[in-house]
1. Using only the alpha carbons of the range B:39-155, what is the convex hull's orientation-averaged projected area in square nanometres?
2. What's the FRET efficiency of A:A112 with B:L39 using the Cβ-Cβ distance as r and R₀ = 60 Å, to the nearest 0.05?
3. What's the magnitude of the charge dipole for the range A:29-165 around its Cα centre, counting Lys and Arg as +1 and Asp and Glu as -1 at the beta-carbon? Answer in Debye, nearest 20.
4. Assuming R0 = 25 Å, can you tell me the calculated FRET efficiency for the pair A:L173 and B:E101, based on Cβ-Cβ distance, to the nearest 0.05?
5. Using R₀ = 45 Å, calculate the FRET efficiency as 1/(1 + (r/R₀)^6) where r is the Cβ-Cβ separation of B:T64 and B:E6; round to 0.05.
6. Positive end of the dipole of chain B, charges at C-beta (+1 Lys, Arg; -1 Asp, Glu), about the Cα centre: which of B:G109, B:I25, B:V80 has its Cα farthest in that direction?
7. Within the P(r) computed for chain A, what percentage of the Cα pairs occupies the region above 23 Å?
8. With no solvent and one equal point scatterer placed on each C-alpha of the range A:152-283, evaluate the Debye formula and give log10 I(q)/I(0) for q = 0.13, 0.20 Å⁻¹, two decimals.
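Rule-based calculations on the coordinates, nothing more; no lab input. All values reported here derive from a predicted model rather than from experimental measurement. Positions of Cβ are generated from backbone atoms using ideal geometry, with glycine treated the same way; all protein chains shown enter the neighbour counts.
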Amino acid sequence: MAVSASAEAQTRGVMTPVPYRVRSRASETADTWTLELEPLGDAVLPRAGQFDMLYAHGVGEVPISTSGDHGGDGHLTHTIRAVGPVTRALCGLDEGAVVGVRGPFGNEWPLAGAVGGDLLVIAGGIGLAPLRPAIRHALSRRADYGAVAVLLGARTPGDLLFVQEVEEWRSRLDAEVDVTVDAAAVGWHGRVGLVTTLIPGAVVDPASATAFVCGPEIMMVFVVRALLERGLPVERIWLSMERNMRCGVGHCGHCQLGPKLICRDGPVFRADEMMELMEVREL
Amino acid sequence: MQTLDELIASSSVFAGMPAEYLSLIAGCARNVGFEEGALVFREGDAADTFYLVRRGRVAFELHTPDRGGLVIETADPGDVVGWSWLFPPYRWHFDARATEEVRAIAFDGACLRGKCDDDPALGYELMRRFAQVMIDRLQHTRFRLLDVYGGVGVS
């Protein structure tokens, strides 16, 4: 195993997958699994916000954001929702199975740019997965930021990701973590309502705060509107977009959104680059 | 310690209201408390009160024979609970339950309706503010009808 990019990796090109073995598979919800993958050769080293192309042999390839840290041994963490043939195949892999990995692709959450101010992280559904590395980063370097607030929305309590870790975040005294769901059975003591309803009460100063947002596009549209209403400038609101990424390097055009190629120019964008495009019905 | 008038004036639903109206509204208000698990009101009962939550959380519940109880929304500090007191037949449309210890200001609906009938300007002001609460809740409900997390989301 070679953790640093080798000359071989540089010459093999971005279109050639490298083999990874499934080290562990953990169920997050009824349809979502987290895979830990260990490299069998060269390692790809995604940073918070980037994605890899995961190849289920004989089925196909999908873009999946990194949802963890690669530590010192180059392992990958990907949280996958089983919604199609490839993601179902990936979620069904046993420990020891081998997958192909290309990457890392795309840009990162601008964590360095948020240093010195407050940080507001808003995730909807599986949108927490791409944000988890950024949240971990901010909490591990807590002194670098002012107030840190994490607002999470999900369909039901059973659809919440990383439940144990979120509870650990909630128990911290130096971060505000608030959760809401769209509906719940009687007995749920948490909030029920839109994630946007958490924004007015978030303990951040709009004058210094940077916001990272990830979730379904329509959720992000409403969240950005609520953030603007709260007083955050649009240039400090960042979104992670998803489209049908195929090549990962901006050659094939499958992930085009207006003038942008999500895989090459993103997936993390400033809100003012995306809002107008997201409101065009035909795109 | 804040007086009822001050507490009411500092809430978002009554913020900016003329002092004479706040005074009239406070005349129909009292402090109340509910233990965790207590019903604030029950579906079908007479809706003669509404609440402004000061502390704790209130869950709005609907019960169906096949799905059991479902929490459809919660109200937190600063939120208003109930508008059925404004419209005939003045009956609650769902249950409201304290999911933790709740402190709230309770407003006597019949008392307020009487004052609104006597002073249409107050009635208009109150109706305008409750219409905003209702529109917000309606928009939230419409948004949740989209079931945005149910479809294919980001990976």
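1. Over every viewing direction, the Cα hull of the range B:39-155 projects on average to 9.3 nm².
2. According to the calculation, E is roughly 0.70.
3. That gives a dipole near 380 debye.
4. According to the calculation, E is roughly 0.70.
5. Calculated transfer efficiency: 0.60.
6. Result: B:V80, furthest along the dipole toward the positive end.
7. When all Cα pairs of chain A are counted, 54 percent exceed 23 Å.
8. Cα-only, vacuum Debye calculation for the range A:152-283: -0.66, -1.20.
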